[in-house]
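Each remark here refers to the structure printed beneath this line.
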Amino acid sequence: MRRRVFLLVLLAVVVADQASKLLVLRGLPQNASLALLDGFFQLVHVRNTGAAFGLLAGFSRATSTLLFTVAYGVAVLVFVHLYRRGGEQAITAVSLALMLGGATGNMVDRLLYGEVIDFLDVSIGRYHWPAFNLGDSCLVVGVALYALGYRAGEGRTGADG
């Protein structure tokens, strides 16, 4: 049952992430923006060739694709290990699926476009958060859920729990 939940959440995240990016690609020219809540939230169409906050953006497409593919492979191995350790717990299975789904959505972008499509833009007054996407959001929520589950004891199995 948990495996089914894991796979359904993973698939839902990747599909929703890619569908939302496709809507942006078709509906908003690159570097354009559309204010939804003036001064707080807007849709934008920006591309990120680097990692979070544009880190590693100076690398060539081939180099960055190789680096991110290796990092994605390592992340998958870590998620598989964590799932095997505590995946029978609902919060662990869902949190890992959210994280892996977000990472997979961004990896699909890198393989298709050589960069990640970001489109959610939040600012409060003069404070502005870098643009992000649905996959990024799922990844962050997954990390938070995993931390909550681990803190509550759900993530601890075997010798350490």
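For region 111-133: of the residues being buried (at least 20 other Cβ atoms within 10 Å of the Cβ) and in contact with a helix residue (DSSP H, G or I) (Cβ under 6 Å, 6 or more places away or on another chain), which is farthest from D38 (Cα to Cα)?
So the first thing to find is which residues in region 111-133 are buried (at least 20 other Cβ atoms within 10 Å of the Cβ), and the list is 116-119, 121, 131-133.
If we keep only those that are in contact with a helix residue (DSSP H, G or I) (Cβ under 6 Å, 6 or more places away or on another chain) too, we end up with 116-117, 119.
Values: V116: 25, I117: 22, F119: 16 Å.
The residue in question is V116.
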Since P29 meets every condition but one in (1) part of a loop (DSSP other than H, G, I, E, B); (2) under 25 Å from V5 (Cβ atoms); (3) at pLDDT 90 or above; (4) not aliphatic (A, V, I, L, M), which condition does it not meet?
-> (2)
Of the conditions (1) surrounded by fewer than 17 Cβ atoms within 10 Å (Cβ to Cβ); (2) of a type in the set (S, T, Y); (3) touching a Phe, Trp or Tyr at 6+ places or on another chain (Cβ under 9 Å), S60 fails just one. Which one is it?
-> (3)
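Only one of V80, V74 is over 30 Å from R126 (Cα atoms) and at pLDDT 95 or above. Can you tell me which? Working first, answer last.
Details: V80 fails: at pLDDT 95 or above.
Unique residue meeting the criteria: V74.
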Any idea which of R110, R47, R84 is in a helix (DSSP H, G or I) and either more than 30 Å from R2 (Cα to Cα) or free of Cβ contacts under 8 Å to residues at least 24 places away in the same chain (or both)?
-> R84
In region 91-116, anything farther than 25 Å from V80 by Cα and in contact with a strand residue (DSSP E or B) (Cβ under 6 Å, 6 or more places away or on another chain) is listed as E115
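I'd like the full set of residues that are among the small types (G, A, S) and touching a Ser or Thr at 6+ places or on another chain (Cβ under 7 Å), limited to region 68-120.
Taking region 68-120 as the starting set, the residues that turn out to be among the small types (G, A, S) are 71, 73, 75, 86-87, 90, 93, 95, 97, 101-103, 105, 114.
Passing the criteria: G86, G114.
Is it fair to say F119 is at negative phi, assigned to a helix (DSSP H, G or I) and under 16 Å from the mean Cα position of the chain (by Cα)? Walk me through it before giving the result.
Values: at negative phi: yes; assigned to a helix (DSSP H, G or I): no; under 16 Å from the mean Cα position of the chain (by Cα): yes.
No, not satisfied.
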For R47, indicate whether it is under 16 Å from the mean Cα position of the chain (by Cα) and among the charged types (D, E, K, R).
-> yes
State whether the residues of region 98-116 include one that is within 30 Å of A152 (Cα to Cα), modelled with pLDDT of 95 or more, within 16 Å of the chain's Cα centre (by Cα) and among the acidic types (D, E).
-> no
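When residues of region 31-48 are filtered for being touching a helix residue (DSSP H, G or I) at 6+ places or on another chain (Cβ under 8 Å) and aliphatic (A, V, I, L, M), how many remain?
Initial filter on region 31-48 (touching a helix residue (DSSP H, G or I) at 6+ places or on another chain (Cβ under 8 Å)): 43, 45, 47-48.
Narrowing the set further to residues that are aliphatic (A, V, I, L, M) leaves 43.
Adding up the residues that qualify gives 1.
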Does region 131-147 contain at least one residue that is in contact with an Asp or Glu (Cβ under 9 Å, 6 or more places away or on another chain), at pLDDT 90 or above and aliphatic (A, V, I, L, M)?
-> yes
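The values are calculated or read from the model by the stated rules, or taken from the named source; none is laboratory data. Just so we're clear, the structure is a prediction, and the values are computed from it rather than from any experiment. With ideal geometry, Cβ positions are generated from the backbone for all residues, glycine too; neighbour counts draw on all protein chains shown.
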